[in-house]
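The values are calculated or read from the model by the stated rules, or taken from the named source; none is laboratory data. Being a predicted model, the structure only gives us computed values, none of them experimental. All Cβ positions, glycine included, derive from the backbone under ideal geometry; neighbour counts span all protein chains shown.
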Amino acid sequence: MEYKEMIAEIRKLDYIKDDATADAAIKAVLGILVSNLDMQKAGEFLEDMPKPLTMEKMRGRRQRPLKISTAEYVREVSEQFNLPEAQSCELVSKVLHMAKDFLDPETVEDMEASLPPGMERDAGKSLDVGRFAKPLIYVILTSILRI
């Protein structure tokens with residue numbers, strides 16, 4: 001899948017009106033993810049992503065990971081794109097699922113190994129409003145790892 005195809009997929013969402021918004025949404029969702037990973041994991045993740053999704057664009061100069069909750073993650077996307085939380089959750093889940101297609105299988109395995117005991121059983125579930133109690137990174141990882 002090329003980056004243009006990612007944009008086209010996000011454009012299929014009724015509330016994403018143009019390519020520029022789709023591009024901004026992809027970068028926002030993945031930027032928040034990358035900002036919540038340590039530098040090594042962020043680098044491994046972005047290494048497999050299409051060229052427009054670079055460390056500089058996704059994380060900037062931030063050296064330490066952010067520590068935000070899942071609710072804050074979704075709220076940030078909601079605010080940036082003026083979306084209800086349900087649509088933000090759908091957008092986040094769709095972007096993360098597409099991102100998984102770019103990842104090297106070893107990167108996916110490393111990320112899956114980072115899940116705490118018992119979380120691997122949640123790997124088939126997608127991000128939704130009802131899962132706000134889960135720590136952000138684990139919700140994101142389970143979204144990426146869903147099949």
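Tabulated values for the structure
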item: Region 83-112 residues that are without any contact (Cβ under 8 Å) to a residue 40 or more places away in the chain, paired with ones that are part of a loop (DSSP other than H, G, I, E, B) (beta carbon under 8 Å, 6 or more apart); result: Glu112/Ala123
item: Candidate set: region 99-116, residues that are part of a helix (DSSP H, G or I) and more than 15 Å from the chain's Cα centre (by Cα); chosen: the one modelled with the lowest pLDDT; result: Ala113
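Rundown of residues vs (1) modelled with pLDDT under 90; (2) over 12 Å from Lys27 (Cα atoms); (3) in a helix (DSSP H, G or I), yes/no style:
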residue	(1), (2), (3)
Pro52	yes, no, no
Met58	yes, no, yes
Arg62	yes, yes, no
Tyr73	yes, yes, yes
Val77	no, no, yes
Gln80	no, no, yes
Leu83	no, yes, no
Cys89	yes, yes, yes
His97	yes, yes, yes
